[in-house]
1. Tell me which lysines have Cα within less than 19 Å of Lys289's Cα, excluding those fewer than 8 residues away on the same chain?
2. State, as an integer percentage, the relative contact order of the chain based on alpha-carbon contacts under 8 Å between residues 6 or more apart.
3. Looking at segment 17-166, what % of its DSSP beta bridges pair antiparallel, to the nearest 5?
4. For segment 321-394, with every protein chain kept in place, what is the accessible area per residue (1.4 Å probe, Å²)?
5. Taking only the alpha-carbon positions of segment 177-330 and ignoring solvent, what does the Debye formula give for the base-10 log of I(q)/I(0) at q = 0.15, 0.18, 0.21 Å⁻¹?
6. Hey, quick one: spin label on Leu394, modelled 7 Å out along Cα-Cβ, who in segment 244-288 has an amide N within reach, i.e. under 17 Å?
7. What does the charge dipole of segment 199-306 about its Cα centre add up to, to the nearest 20 debye, if the Cβ of each Lys and Arg holds +1 and the Cβ of each Asp and Glu holds -1?
8. I'd like the Kirkwood hydrodynamic radius of segment 1-94, using the inverse of the mean 1/r over distinct C-alpha pairs, in Å.
Amino acid sequence: MNPRLIKDGVYWVGAVDWDRRLFDELIPLPDGTSYNAYFIAGNNKTALIDTVDPTMTNVLIRNLKLLNVKHLDYVIANHAEQDHSGTLPTILDLYPDAKVIATPKCKDLLMDLLLIPEDRIRAVKDGETISLGDKTLEFIHFPWVHWPETMLTYLREDSILFPCDLFGSHLATSDLYATDEATVYEAAKRYYAEIMMPFRLIIKRNMDKLSKFNIDVIAPSHGPIYRNPNFILEAYKDWVYNPPKNLVVLPYISMHGSTKVMVEYFVSALVERNIKVQQFNLSKTDVGKLAIALVDAATVIIGTPTVLGGLHPNILYAAHLISALRPKIMFASIIGSYGWGTTVTQQISQIFSRLKVEFLEPVLVKGYPREETFKALDKLADEILRCHEKHGLL
Ligand code: FEO
């Protein structure tokens with residue numbers, strides 16, 4: 001896509017990656033993504049904010065040529081991850097006078113990851129500014145969105161915040177702006193769940209830093225730009241600050257149907273108690289959908305059979321993922337069937353030990369579920385209801 005004008009002297013010059021389906025060889029991208037870079041022309045100097053993934057270097061270079069950019073003074077590196085910094089070496093070759101602007105930590109990472117010479121990078125302090133003439137860039141250190149070295153850049157005269165990964169969405173679209181808010185909300189929530197949620201408490205601590213800025217536009221480095229910043233700021237307030245909702249997330253696997261019978265009974269029992277449920281068959285589900293559900297969940301119930309004495313490998317993967325994403329969940333338990341012995345409770349307790357969750361009595365049955373199994377499932381549903389009521393979630 002060609003350069004697109006955002007405000008006078010401010011252009012989107014990034015690349016839309018319609019075909020990418022996996023990020024970091026881990027995260028599914030059902031809707032592709034974009035690597036947004038921005039060119040800013042002041043009346044004295046010019047700056048490029050972030051670059052693009054190395055696979056799209058030619059797109060960025062073409063866009064700068066279309067804008068007839070012959071000289072670049074600064075390349076702002078908000079984040080050292082390669083989807084934004086990977087084209088830096090090529091840009092620095094093309095524009096030999098350009099200086100990279102980054103936090104001190106980002107400077108180190110760029111030297112390590114991309115072998116950029118030290119004298120091409122200038123480290124900036126939190127709150128430091130750079131003048132482009134009639135435009136001023138202010139740098140806001142904002143660690144862990146998504147690595148420890150990250151910062152945001154604020155363009156004062158145009159009230160535009162360039163937050164790089166923060167507030168982004170993995171969404172390939174021809175829309176420059178977030179006009180289809182329902183689609184963008186889903187993509188931004190998935191992105192938050194997978195990229196930002198593990199750092200929720202740090203984000204919470206730093207969010208106040210933004211309150212002193214008058215923000216008209218938020219221009220992240222993935223997905224569409226927000227002309228209505230409140231749309232994404234309010235969404236983040238809900239995801240980051242608000243307590244979890246009256247929701248049970250139930251990832252499960254069933255090999256011969258016994259665990260599935262328990263899952264289906266249990267889901268009905270929860271629904272009868274006015275508790276919302278999202279169940280995910282892990283042999284079929286997109287783990288991104290599971291991650292989205294975890295943003296709001298108060299309780300996670302794992303449904304697992306026992307394989308070779310322990311958790312089914314898909315459950316093991318999901319449990320590690322849940323633990324790594326650090327959702328706001330408060331309660332957890334396990335339901336499932338085993339043949340002759342099981343260690344699933346010990347395994348889940350160990351994997352979830354970094355989460356501050358209260359474990360409720362598991363319901364594990366030898367073989368096929370029977371009347372007492374269903375009674376135990378009702379008891380667990382009652383217990384969840386009590387816990388959710390106690391915390392004012394109903
Ligand atoms: Fe979009 Fe953390 O990179």
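1. Lys289 reaches Lys189, Lys245, Lys276, Lys328.
2. Result for the chain is 11 percent.
3. Counting only bridges with both partners in segment 17-166, antiparallel ones make up about 65 percent.
4. Heavy-atom SASA per residue in segment 321-394 reads 53 Å².
5. Those come out to -0.85, -1.09, -1.33, one per q.
6. Under 17 Å, as judged by backbone N against the label point of Leu394, lie 244-249, 266-278 of segment 244-288.
7. For segment 199-306, the charge dipole is close to 240 debye.
8. It works out to 13.6 Å.
The values are calculated or read from the model by the stated rules, or taken from the named source; none is laboratory data. Keep in mind that this is a model prediction, so the values were computed, not measured. Note that we place each Cβ from the backbone using ideal geometry, even for glycine, and neighbour counts take in every protein chain shown. We work out accessible area using only protein heavy atoms, side chains counted, and drop any ligands, DNA or RNA first. Shrake-Rupley method; radii C 1.70, N 1.55, O 1.52, S 1.80 Å.
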